[in-house]
Amino acid sequence: MNAKPPNPRVPDWDIDSMFTDRWSPRALAPEPLSDREVHTLFEAARWAPSCFNEQPWLFVYATAPEERRKLTACLAPKNQLWAGQAPLLIFVLARRTFQKGGKENRHAPYDAGAAWMALALQARKLGLYAHAMAGFNQEKAHEVLGASKEEYHVMAAVAVGRKTEDSGLPEDLRAMESPNSRKPHAEVATAVFPLPRTNP
């Protein structure tokens with residue numbers, strides 16, 4: 001068995017390794033996930049925080065081959081090459097309005113993002129990887145999911161599975177198969193405000 005390669009990510013400050021251990025490989029084994037694994041992922045997402053505890057997210061998922069093919073068809077062609085192999089495909093939706101009162105919920109995408117992050121971190125606890133994708137056809141996703149545009153944003157697609165070395169990925173995607181870095185700490189958090197104008 002091959003030794004696990006060292007993680008090249010080095011944080012600027014001391015943080016829990018779960019944050020640097022989470023990354024988004026494309027080489028995912030088609031080996032099915034257990035029902036327990038699948039439901040554990042969504043249980044973690046269920047406990048994410050949200051505005052007024054609205055929990056405006058909805059995860060529409062497929063594990064059966066035929067249903068996964070339907071979701072895969074919504075993806076950009078390059079994502080279809082690898083994500084179609086994953087044993088679990090998910091679309092993350094955010095409800096546009098509050099269920100009580102029907103007012104616009106401008107925080108819904110933010111809250112859905114928190115739920116996705118909970119799912120991604122739980123995936124690593126299970127020895128899995130979750131790779132979120134922006135590359136999909138919005139129109140087709142709404143159609144295949146049966147999700148009303150008036151009711152839902154379709155925020156992202158997610159492929160989940162176990163990482164494999166036997167990927168069959170094309171060369172350009174194989175070259176991207178490693179954890180990437182991040183902007184320096186000072187570029188993403190500032191105690192200086194008001195912020196300077198970036199436009200003239």
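The values are calculated or read from the model by the stated rules, or taken from the named source; none is laboratory data. Bear in mind that the values here come from a model prediction, so they are computed numbers and not experimental data. Neighbour counts run over all protein chains shown; Cβ positions are idealised from the backbone, glycine included.
Of all the residues in the stretch 120-165, those that are over 12 Å from the mean Cα position of the chain (by Cα) and free of Cβ contacts under 8 Å to residues at least 24 places away in the same chain number 7. Within the stretch 7-61, the set of residues being of a type in the set (Lys, Arg) and within 27 Å of Ala141 (Cα to Cα) comprises Arg22, Arg26, Arg36, Arg46.
Each row is one residue, and each column tells you yes or no for (1) in contact with a Cys (Cβ under 6 Å, 6 or more places away or on another chain); (2) under 25 Å from Thr40 (Cβ atoms).
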| site | (1), (2) |
| --- | --- |
| Pro77 | no, no |
| Ile90 | no, yes |
| Asn105 | no, no |
| Leu121 | no, yes |
| His131 | no, yes |
| Lys140 | yes, no |
| Ser181 | no, no |
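Only a single item in (1) of a type outside the set (Lys, Arg); (2) more than 20 Å from Ala120 (Cβ to Cβ); (3) without any contact (Cβ under 8 Å) to a residue 24 or more places away in the chain is not met by Ser34, and it is number (2).
Which one of these is out of contact with any Ser or Thr (no Cβ under 6 Å at 6 or more places or on another chain), more than 18 Å from Glu37 (Cα to Cα), assigned to a strand (DSSP E or B) and not polar (S, T, N, Q): Ala112, Ala94?
Values: Ala112 fails: assigned to a strand (DSSP E or B).
The match here is Ala94.
Selection over the stretch 147-166 of residues that are over 28 Å from Thr97 (Cα atoms), assigned to a strand (DSSP E or B) and not hydrophobic (A, V, I, L, M, F, W, C) gives a count of 2.
Please tell me if Arg174 is of a type in the set (D, E, K, R) and modelled with pLDDT under 90. Write out each step before concluding.
Working: of a type in the set (D, E, K, R): yes; modelled with pLDDT under 90: yes.
For Arg174, the condition - of a type in the set (D, E, K, R) and modelled with pLDDT under 90 - is met.
Can Ala64 be described as touching a residue at least 12 places away in the same chain (Cβ under 8 Å) and small (Gly, Ala, Ser)? No. Would you check if Lys100 is modelled with pLDDT under 95 and charged (D, E, K, R)? It is true that Lys100 is modelled with pLDDT under 95 and charged (D, E, K, R).
Pairs meeting the criteria (first residue in the stretch 79-97 and free of Cβ contacts under 8 Å to residues at least 60 places away in the same chain and surrounded by fewer than 23 Cβ atoms within 10 Å (Cβ to Cβ), second residue among the basic types (Lys, Arg) and outside any strand (DSSP E or B), beta carbons under 7 Å, at least 6 apart or on different chains) are Thr97/Lys103. Residues in the stretch 45-62 that are surrounded by fewer than 17 Cβ atoms within 10 Å (Cβ to Cβ) and either aromatic (Phe, Trp, Tyr) or within 16 Å of the chain's Cα centre (by Cα) (or both): Arg46, Trp47, Phe52. For the stretch 56-83, a tally of residues being part of a loop (DSSP other than H, G, I, E, B) and either touching a Pro at 6+ places or on another chain (Cβ under 9 Å) or of a type in the set (Val, Ile, Thr) (or both) returns 2. Within the bounds of the stretch 124-134, is there any residue that is outside any strand (DSSP E or B) and small (Gly, Ala, Ser)? Within the stretch 124-134, one or more residues are outside any strand (DSSP E or B) and small (Gly, Ala, Ser). When restricted to residues that are over 21 Å from the mean Cα position of the chain (by Cα), surrounded by 10 or more Cβ atoms within 10 Å (Cβ to Cβ) and not in a loop (DSSP other than H, G, I, E, B), the stretch 167-200 contains 1.
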